[in-house]
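What follows is a single structure, written as structure tokens, with notes after it.
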Amino acid sequence: MDVVRLHVAPWALLLCASCLDFSPDPPLPEAPRPPSPPQPQTGRGVRTFPPIVELTLPGRPPPRLSQTGLYSDIARKTLAPGVELFRPRYELWSDGAAKTRWVLLPPGAKIDTQRMDRWHFPVGIKLWKEFTKDGKRLETRMLWKRAEPSFHDPGWEMQTYVWDETESEAFLDQDGVVDARGTDHEVPRQIDCNRCHRVEFEAPLGFDAVQLSGDGPGLRLRDLVLRGVLTVPPPSADGYTIPGDATARAALGYLHANCGSCHAPDSDVFRDIDMSLRLEVGKLTTVTETPTYLTTVERRTTSIKAGAAGRIRIRRGNPLESEVYQRMGIRMVGPESLMMPPLASHTVDEEGRRQVADWIRTLP
Ligand code: HEC
Ligand code: HEC
């Protein structure tokens, strides 16, 4: 993919603006409107581009979950043929909600794994994630690669469907829902999806080489290898092993899943914050070789936010003096908040934070 070109695409500029906007209540996107009339053509047949706001609007996603291809019978929750369960080894904390994920690979399609750290997905692939809490189905999110990203079109459809009271159908929702179905679960707004799912790298986050390695329920990396779905297979069908003891692995995996979407070397966040919490398959020999270790341990913070400068990202042996640990414990929303991740959570992940603290304590 031509990353440089995509960075100047109009929708990419808007995506970046939304990535950096942590204000509690940014302006809502305009409601979906009917398809725009044909654009005027100049005498030479050169197309005049529609205004930017049109380009950022999703195409016309199906209004109901039953129309997305997940189920053949939504009332009985029968999955459609070809839809497969998967689970990333390390999960994103979602305030205690339980999550189930599925993928549909178009028949015969291959995943281009030339860059093992950034898979390039075939057009047509769909991934879903269902959230349940207090025994209730709340929302089912979908990532669908409609088209190859281009100057005009981000290509990826990112939408969520909110379940009705009878759980017989879920409906497209782009505005977000507070306290969905009487739980404390918050359904995000559609414009917030790409703050984590960045189309410049392809949207999926939990369907990667590190996350599908080894054992687990549903589809694994080895299944993809055996079926010949990956254009370049990994050296071992079992995939990749995170280095270190169990304590180190838990922390490195946690940070990869929960923070690596933004804190990655090829993310725009990295330009200001030269910290990577994303694991890379070629840098997994020892803990001290991981970007996570190299860019945090005894490294100074570079954030320009008030009160956030001049600290230490990870202080050996001392979680309380480590900005990574401290920020995981903040849940105050607002433009000056230092909470991490900066959205989509209202409750601290005590268990995940403890795993990170335990690892920091072991660092000599
Ligand atoms: C705070 C960051 C964040 C936000 C906001 C977010 N996601 Fe995700 N999402 C993730 C991460 C990280 C994963 C992978 C880990 C997991 O599933 O636990 C994921 C997984 C998924 C998956 C399963 C496929 C995959 O990528 O592994 C789907 C589908 C999905 N998200 C859709 C959405 C949609 C649609 C929205 C907006 C309505 C959204 N997400 C908002 C971070 C986010
Ligand atoms: C949605 C994108 C996003 C996610 C996900 C995210 N961060 Fe951040 N993070 C940022 C941005 C943007 C900044 C810079 C603004 C600021 O200082 O708050 C930042 C700054 C930081 C800093 C300050 C580093 C420095 O050098 O000043 C730390 C530490 C941090 N994040 C830790 C984390 C941790 C730990 C996680 C996961 C639990 C995480 N982040 C998840 C976007 C993200």
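Could you grab me the full set of residues in region 320-352 that are away from ligand 1 (no atom under 15 Å from the Cβ) and within 21 Å of LEU279 (Cβ to Cβ)? Those that are away from ligand 1 (no atom under 15 Å from the Cβ) and within 21 Å of LEU279 (Cβ to Cβ): SER322, GLU323, VAL324, TYR325.
Filtering region 292-318 to residues that are of a type in the set (Val, Ile, Thr) and under 18 Å from THR362 (Cβ atoms) leaves THR292, THR296, VAL297, ILE312, ILE314.
Taking region 294-308 as the range and being in a loop (DSSP other than H, G, I, E, B) and more than 7 Å from ligand 2 (Cβ to nearest atom) as the test, the residues that pass are GLU298, ARG299, ILE304, ALA306, GLY307. Those strands (runs of 3 or more DSSP E) of region 16-113 that lie entirely within it include none in which at least 3 residues are modelled with pLDDT under 95. Taking region 164-192 as the range and being within 10 Å of ligand 1 (Cβ to nearest atom) and closer than 14 Å to PHE131 by Cβ as the test, the residues that pass are ASP173, GLY176, VAL187, PRO188. Scan region 137-162 for residues that are free of Cβ contacts under 8 Å to residues at least 60 places away in the same chain and of a type in the set (A, V, I, L, M, F, W, C) and the total you get is 4.
So if I check each of ASP208, ASP215, which one is over 21 Å from the mean Cα position of the chain (by Cα) and under 30 Å from ASP238 (Cα atoms)? One residue alone meets the criteria, ASP215. Summed over region 169-183, residues that are touching a residue at least 24 places away in the same chain (Cβ under 8 Å), part of a loop (DSSP other than H, G, I, E, B) and touching an Asp or Glu at 6+ places or on another chain (Cβ under 7 Å) total 1. Among the residues of region 225-239, is there at least one that is buried (at least 18 other Cβ atoms within 10 Å of the Cβ), within 12 Å of ligand 1 (Cβ to nearest atom) and not assigned by TED's automatic domain parsing to the domain that holds LEU85? No: zero hits. Screening ASP266 against (1) out of contact with any strand residue (DSSP E or B) (no Cβ under 9 Å at 6 or more places or on another chain); (2) farther than 27 Å from LYS126 by Cα leaves a single unmet condition, (2). Considering region 244-286, the residues that are among the hydroxyl-bearing types (Ser, Thr, Tyr) and near ligand 2 (Cβ under 10 Å from one of its atoms) include one that is surrounded by the most Cβ atoms within 10 Å (Cβ to Cβ), namely TYR254.
The single condition among (1) polar (S, T, N, Q); (2) within 21 Å of ARG361 (Cα to Cα); (3) more than 19 Å from the chain's Cα centre (by Cα) that SER276 does not meet is (3). Working only within region 125-146, note down all residues that are surrounded by 15 or more Cβ atoms within 10 Å (Cβ to Cβ) and assigned to a loop (DSSP other than H, G, I, E, B). Passing the criteria: ILE125, ARG146. I'd like to know if region 310-331 contains one or more residues that are at pLDDT below 95 and charged (D, E, K, R). The answer is no; no qualifying residue exists. At least 1 residues being basic (Lys, Arg) is the threshold, and among the helices (runs of 4 or more DSSP H) wholly inside region 202-279 those reaching it are 221-226, 246-259.
All conditions but one from (1) outside any helix (DSSP H, G or I); (2) in contact (Cβ under 8 Å) with a residue 24 or more places away in the chain apply to THR166; the one that does not is (2). Can you say whether GLY135 is at pLDDT 95 or above, within 26 Å of GLY124 (Cβ to Cβ) and over 20 Å from the mean Cα position of the chain (by Cα), as far as the supplied structure shows? So GLY135 does not fit the description; no. Within the set ARG327, ARG311, ARG353, the sole residue that is surrounded by 13 or more Cβ atoms within 10 Å (Cβ to Cβ), under 21 Å from the mean Cα position of the chain (by Cα), farther than 19 Å from THR247 by Cα and among the basic types (Lys, Arg) turns out to be ARG327.
The values are calculated or read from the model by the stated rules, or taken from the named source; none is laboratory data. None of the values given here were measured: they were computed from a predicted structure. Cβ: placed from backbone, ideal geometry, glycine included. Neighbour counts: every protein chain shown.
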